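A.B. asks: Take this structure, written in structure tokens, and hold onto it; I'll ask about it next.
The numbers here are math on the coordinates, done by the rules we state, and not lab data. Keep in mind the model is a prediction, meaning the values are calculated, not measured. Here Cβ is always computed from backbone atoms with ideal geometry, including for glycine, and neighbour counts include all displayed protein chains.
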Number of protein chains: 4
Amino acid sequence: MDDRKVARQRRLAESKRQHILDAAREAFAEDGLEKASLRAIATKAGYTPAALYFHFPSKEAIYAELLRSSLLSLGESVAAEVTGAETAEARFRAAGMGFFRYYAKNPSELDLGFYLFRGGMKPAGLDRETDKELNAALEAALRPLAKAARDMGAGAEEAELSMVNIFAHATGLLLLLHTGRIRMFGASAEALMQQYVDQQVEVLRGG
Amino acid sequence: MDDRKVARQRRLAESKRQHILDAAREAFAEDGLEKASLRAIATKAGYTPAALYFHFPSKEAIYAELLRSSLLSLGESVAAEVTGAETAEARFRAAGMGFFRYYAKNPSELDLGFYLFRGGMKPAGLDRETDKELNAALEAALRPLAKAARDMGAGAEEAELSMVNIFAHATGLLLLLHTGRIRMFGASAEALMQQYVDQQVEVLRGG
Amino acid sequence: MDDRKVARQRRLAESKRQHILDAAREAFAEDGLEKASLRAIATKAGYTPAALYFHFPSKEAIYAELLRSSLLSLGESVAAEVTGAETAEARFRAAGMGFFRYYAKNPSELDLGFYLFRGGMKPAGLDRETDKELNAALEAALRPLAKAARDMGAGAEEAELSMVNIFAHATGLLLLLHTGRIRMFGASAEALMQQYVDQQVEVLRGG
Amino acid sequence: MDDRKVARQRRLAESKRQHILDAAREAFAEDGLEKASLRAIATKAGYTPAALYFHFPSKEAIYAELLRSSLLSLGESVAAEVTGAETAEARFRAAGMGFFRYYAKNPSELDLGFYLFRGGMKPAGLDRETDKELNAALEAALRPLAKAARDMGAGAEEAELSMVNIFAHATGLLLLLHTGRIRMFGASAEALMQQYVDQQVEVLRGG
DNA sequence: TATGAATGAGTATTCATTCAT
DNA sequence: TATGAATGAATACTCATTCAT
């Protein structure tokens, strides 16, 4: 009985947290990560700023949680695409394009992710532990790439480099896609990514 | 005599401007572009905040000037590397690696440049004119790539895409290099860039 | 029980608002409306500047509220004086002298009101709606004059002009009274106002 | 020879002063007395802010000089109108309407003048001496009214009061005229002033 | 006389956070 | 859990004035 109560309360609390996170995602997408204020998030969620402190210890914590869930969701998305593929090569392609497409479809999360890479060595004021965790989540999302490369016969190092290459190219293209700052002469970013994946497959095969 | 006086004053003023810009570069590098305050810049430069307004009309103007000079310097650097090369292929390599190396050597300017690509479509509040100018400077710096590609026999569109590809890959690798996240893979960013340029040359040749 | 709590809180909040308004009135009276700073108001009220923003959305809003309540109070004061009077003539006198006396007794509110008339056509940055509301409140306070004039047999236009005349004369005398410049003439402002009202009554009768 | 040089220089200096005062008048008219900045005045005059300090010791001094010259000019204007009139009554009318018309035609100077009456007892930070001088200038401008009243047979006190009355009524009407804040139902402010002067003449005659 | 450069004090407003209730 | 109230530090920017040149 008590247990049920507790469980219900926990579910309720969790749903409120999610509600706040949704509001935060919205606010961050609208005003940018540094300009979005706690007050804006609270208002969007239908709360007072002070109320958020019952659910999160700080604004940074909200951001961190958002980023974590984004990276997990990215990981799941990539994993799901890979699962369907039968050959190693198909898995490599699926992982590479899955990574790219996830961010192409969720541009606001790309912004979120870039925050990790900000200010030289300073990831925004997250504590080391959180930072490590987030890093691990990102690596986990990319891992299927290296795995598939190895399955294609690549050595450990070669597989890692393949992963890095795919990550780098995808990131660069997404940056361009997302900001539209360089005219791509009619080329779709996705087509360019596809092309690069093909090249990389060729390299792995040839190597 | 008067002329000399005036000239000396102008030089003095210019050196003070540069001094402030240096302080700003430092402040931006330390605290990020949105969090670095005018006060911080002024303090670093040994001035009162109000004093900066004699040299620059606003904080954004400081940032814009910094970025403009960075992009021009990038352009010059790339152009210089290209000049020495004799064949079209050598020019393509020189331009691609020149772009990469410029930012590899000047990481704080990379940060500066990324600001242009931040916040979805919101580039910080620069007026349209400045924004256009900065875009043009960036494109000018990349132009030698497309030029060299055409000299290698590529069509207009193919040349543009080559440029975009190089830009994307370099950007992605620089992001990793700059944030130290590439070390975890044990790879040399420059070697990877070199490799990609080779690939791209191959593609252009083959096409 | 909850209701009582809420009611008590509301009363408390209202009393704090009034406290701040009093401080503002004082600050405005001391330093003039444009020079009185939010900081000064806050300090006088025993608050931090930021705290005021919980009670009012801006400095202008404080001023507007002060002026609105002053004009309403003026209106009530005039209305009260008129109510007691039995004949139309007595009501005219009561309204005219009531208007004059209100400001003679509350000189700081005169200052407040003059702000409405300052700076050519630029009333300080109040939004149109507020501006209209304040105008309406002023006119409402003067309305009994026109009403009484009509009751004395004046036409619509004549009644309006009577109102304008009384307003003008009172205003001019109050300016002199308030700034102490009337003492140099050794005259009693109130006596002069009385005299003018008498004259005006005569005119209305004669017409 | 030296004398001529000195004289020429003095004239030059004086013309520069006047030029600055013109600029200040313009700036004050545009932005209000408290918001117009020294910088704005300087720019309008084609100077650097610092340059103005060779011609005036402070911003307040500029304001004071502007006001003094305005009051002198008012005095001259009134005196000129009076001069032409032959009878005492005509002189009274001329003085009263002259006062009114001067400000009706030069509304920005009305603003200037009101500054004298600002902030309770605080005339804006002018030193006592300047304040007295300005007061004297105002009184001198009004003096012809009292003089004419006496010439019409009024006693000393009655004449003073007549002057005060005219001043008050004119001021009140000008305030309304200048700000347009009360719809005057087709009545021109000048007609109302004329009417009041007529009344006052009647009183003086009758008394 | 005039300027460019600089200052110190000031402006209204915003922010993340805390705390009594 | 949630709120209203409050804070202290911060923000970019403006101002009248000073001073070496």
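A.B. asks: Calculate the mean, over all residues of peptide A:170-178, of how many other protein chain Cβ atoms lie within 10 angstrom of the residue's Cβ.
C.D. replies: On the way: counts 3, 8, 12, 7, 3, 8, 5, 1, 4.
What the average comes to for A:170-178 is 6.
A.B. asks: In D, who owns the beta-carbon nearest the axis carrying D over to A, and how many Å from it?
C.D. replies: D:K35, 15
A.B. asks: Every other copy gets compared here: list the nm distances from the A:E89 label point (7 Å along Cα to Cβ) to its counterparts, shortest first, one decimal.
C.D. replies: Going from nearest to farthest copy, the values are 2.7, 11.4, 11.9 nm.
A.B. asks: In a Debye calculation with equal point scatterers on the alpha-carbon sites of chain B and no solvent, what is log10 I(q)/I(0) at q = 0.12, 0.15 Å⁻¹?
C.D. replies: The Debye formula, applied to the Cα set alone, gives -0.71, -0.99.
A.B. asks: Please report, to two decimal places, log10 I(q)/I(0) for the range C:1-56 at q = 0.13, 0.25, 0.28, 0.30 Å⁻¹ as given by the Debye formula with identical point scatterers on the Cα atoms and no solvent.
C.D. replies: Those come out to -0.37, -0.91, -1.05, -1.13, one per q.
A.B. asks: Restricted to Cα positions, what overall size does the protein assembly as shown have along the principal axes? Three whole-Å values, descending.
C.D. replies: Projected onto its principal axes, the Cα set of the protein assembly as shown covers 122, 100, 43 Å.
A.B. asks: So which chymotrypsin sites (Phe, Trp or Tyr not before Pro) in the range A:1-60 are both in a DSSP loop and have at most 15 other Cβ atoms within 10 Å of their Cβ? Please list the in-between numbers first.
C.D. replies: On the way: sites: A:F28, A:Y47, A:Y53, A:F54; in loops: A:Y47, A:Y53, A:F54.
Sites meeting the loop and neighbour criteria: A:Y53, A:F54.
A.B. asks: Expressed as a fraction of 2.2 N^0.38 Å, the rule-of-thumb size for a compact globular protein of N residues, what is the C-alpha radius of gyration of the range C:60-116? Numbers along the way, then the final one.
C.D. replies: On the way: Rg = 12.7 Å, N = 57, 2.2 N^0.38 = 10.2 Å.
Normalised Rg, Cα atoms only: 1.24.
A.B. asks: Label position 7 Å from Cα toward Cβ: report the copy-to-copy distances for D:A191 in nm, one decimal, ordered from shortest.
C.D. replies: 3.5, 7.8, 9.8
A.B. asks: Between B:D151 and A:Q195, what is the FRET efficiency for a Förster distance of 30 Å, r being their Cβ-Cβ separation, to the nearest 0.05?
C.D. replies: Numbers: r = 22 Å, r/R0 = 0.74.
After rounding, the FRET efficiency stands at 0.85.
A.B. asks: Can I ask one more? For A:R39, place a label point 7 Å out from Cα along the Cα→Cβ vector, do the same in each other copy, and report the separations in nm, one decimal, smallest first.
C.D. replies: 1.8, 2.0, 2.7
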